[in-house]
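Asker: Please see the structure below; I have some questions.
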Amino acid sequence: MKAARLDILMTADAVGGVWTYALDLAAALQGRGHAVTLAICGPAPSPDQLEQAADAGVSILPDELPLDWLCSDGEAVREGSDKLATLSAGYDLALLNSPALAATGGFRVPVIAVAHGEVATWWDAVGCSGDIDDAFGWLVDLIGTGLKRATRIVTPTAAYGELVRRRYELEASPVAVHNGRVPLDRASSSNEPAFALTVGRFWDRAKNIGTLDAAASLSFVPIRAVGASTGPHGERAAMANLEYLGSVAPARLGELLAARPVFASSAVYEPFGLAVLEAAQAGCPLVLADIATFRELWDGAATFVDPHDAAGFARAIERPQASGAAARKRAERYTVAAMADQMLGVIESALDHRRAA
């Protein structure tokens, strides 16, 4: 059945790509006649982010909630789950971009848990040594409980959803709803010399920036890197050969993408990759790590390289096999409108399930 106007409570954090995802989705849902309120997990949004939310017409609750992967133990997350369950009583549905916040099970409205990346499958992908229980076992338990208590589970790719299903022993695979993105403004400021570009949280071991840093020493095409190099727990990325630009404003990133550089990612773990989509929308040739999620999204529209093959990346960046036109054409599948329509289907399914129960 088609849902009438809904009041939706959605969680978001201002630390990474979930913020962009949440604003794009919230704006699209509101454009379809629904109301979306954001509950912020973790550090407060910056003034620029608050302005983005205001421009999107999205309300933000003043309540503070924990961001699970920044917590040292599960007590704060459980308290946050209880608080969120209480807050959600005034809404028709809770859409949680942090599945652990569904763990305490006090919700009286349908809950959709969206997994954008979590510690257990990340741990497996980056090959960390030692038992995960020594560091984040409590978080794995809470995420698993939250996923199993959710009315519906969503992941941004089917390949990542299968990792989640196996790792948390779920009865069924999550619903895959591919992310969408509003294209960045791409006013070109000058004719810059040829370069390649990578974008990401380089302090995150899953981004595997070391491969591209080594590739930069082998390629005659300079590789520029945009993003954070220092993480919230003191993680630091070493980049000796990349031309590191730091974090830049969306307008500057749009300028860089307007030059249509080869866009490269050597990530060993990427549930979706919004930066790749932004580059594809700009018509940049894609050179990507050969991992299952990138294959699902970009097979036939990108050049794939083993994520640990620095020489292979250097060669592919110099002579990519797939064109920017192919990447742009594929990117037409991943729109915010398509994402919102698919999510509304999941929402209607969750509401029907709750009514039947």
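Asker: What percentage of the solvent-accessible surface of the stretch 287-355, computed with a 1.4 Å probe over protein heavy atoms, is contributed by carbon and sulfur atoms?
Answerer: 47
Asker: Additional query: Only sites in a loop by DSSP and with at most 15 other Cβ atoms within 10 Å count here; which trypsin sites (Lys or Arg not before Pro) in the stretch 266-357 make the cut?
Answerer: Numbers: sites: R295, R315, R328, K329, R330, R333, R354, R355; in loops: R333.
Loop-located and lightly packed - R333.
Asker: Can you give the angle from 0 to 90° between the axis of helix 158-167 and the longest principal axis of the chain, with both taken from C-alpha atoms, to the nearest 10?
Answerer: The helix 158-167 is inclined about 60 degrees to the chain.
Asker: Also, I was wondering about something else. For the stretch 258-353, what is the charge dipole size about the Cα centre, in debye to the nearest 20, if Lys and Arg each add +1 at the Cβ and Asp and Glu each add -1 at the Cβ? Walk me through the intermediate numbers first.
Answerer: Values: 8 positive and 12 negative charges, 103 e Å.
Here the stretch 258-353 has a charge dipole of around 500 debye.
Asker: On a 0 to 90° scale, report how tilted helix 17-31 is relative to the longest principal axis of the chain, with both axes built from alpha carbons and the result rounded to the nearest 10.
Answerer: Its long axis makes an angle of about 60 degrees.
Asker: Right, another one. Using only the Cα atoms of the stretch 15-150, what semi-axes does the equivalent ellipsoid have when each is the square root of 5 times a gyration tensor eigenvalue? Give whole Å, largest first.
Answerer: Values for the stretch 15-150, descending: 26, 17, 13 Å.
Asker: Pick out, from V177, H233, W123, the residue whose Cα sits farthest towards the positive end of the charge dipole of the chain, with +1 on the Cβ of Lys and Arg and -1 on the Cβ of Asp and Glu.
Answerer: The listed residue farthest towards the positive side: V177.
Asker: May I ask you to give the percent of accessible area on the stretch 84-178 that is carbon plus sulfur, with a probe radius of 1.4 Å?
Answerer: 46
Asker: Now, a different point. What do you get for the angle between helix 336-356 and the principal long axis of the chain? Use alpha-carbon atoms, 0 to 90 degrees, nearest ten.
Answerer: Relative to the chain, helix 336-356 is tipped by roughly 20 degrees.
Asker: Work out the length of the dipole vector of the stretch 187-252 about its Cα centre, built from +1 on the beta-carbon of each Lys and Arg and -1 on the beta-carbon of each Asp and Glu, and round it to the nearest 20 debye.
Answerer: 140
Asker: Which of the listed residues, H34, Q49, L70, is farthest toward the dipole's positive end in the stretch 17-84, when Lys, Arg count +1 and Asp, Glu count -1 at the beta-carbon?
Answerer: Farthest towards the positive pole: H34.
Asker: Using a simple spin-label model with points 7 Å from Cα along the Cα→Cβ vector, what separation in nm is obtained for D299 and Q321?
Answerer: A separation of 1.4 nm, rounded to one decimal place.
Asker: So, one more: How much of the DSSP bridge set in the chain is antiparallel, in percent, rounded to the nearest 5?
Answerer: Roughly 5 percent of the beta bridges in the chain run antiparallel, per DSSP.
Asker: About its Cα centre, how strong a charge dipole does the chain have in debye, to the nearest 20, once Lys and Arg get +1 and Asp and Glu get -1 at the Cβ? Mind showing how you got there, number by number?
Answerer: Values: 30 positive and 42 negative charges, 211 e Å.
Once rounded to the nearest 20, the dipole reads 1020 debye.
Asker: Residue by residue, what Karplus-based ³J(HN,Hα) values in Hz, rounded to whole numbers, does the stretch 168-184 have, using 6.51, -1.76 and 1.60 with θ = phi - 60° and x for Gly and Pro?
Answerer: Values, residue by residue: 9, 6, 7, 5, 9, 5, x, 7, 8, 10, 4, 5, x, 8, 6, x, 6 Hz.
Asker: Would you please name the GluC sites (Glu not before Pro) within the stretch 251-357 that are DSSP coil residues with at most 13 other C-beta atoms within 10 Å of their C-beta?
Answerer: Numbers: sites: E255, E278, E296, E318, E332, E348; in loops: E332.
Passing sites in the stretch 251-357 are E332.
Asker: Among A14, S323, L257, flag the residue with its Cα farthest along the positive direction of the charge dipole of the chain, charges on Cβ as +1 for Lys/Arg and -1 for Asp/Glu.
Answerer: Of the options given, the answer is S323.
Asker: Same structure, new question: Taking only protein heavy atoms and a 1.4 Å probe, what accessible area per residue, in Å², does the chain have with all protein chains in place?
Answerer: 42
Asker: Shifting gears a bit: Binning every alpha carbon pair distance of the chain at 10 Å from zero, what are the percents per bin?
Answerer: 5, 25, 34, 25, 10, 1, 0
The values are calculated or read from the model by the stated rules, or taken from the named source; none is laboratory data. Just so it is clear, the structure is predicted and the values come from calculations on it, not from any experiment. Here the Cβ is made from the backbone with ideal geometry for all residues, glycine too, and neighbour counts use every protein chain on show. For the accessible areas, the whole protein counts, side chains as well, though only heavy atoms, and no ligand, DNA or RNA atoms are used. Shrake-Rupley method; radii C 1.70, N 1.55, O 1.52, S 1.80 Å.
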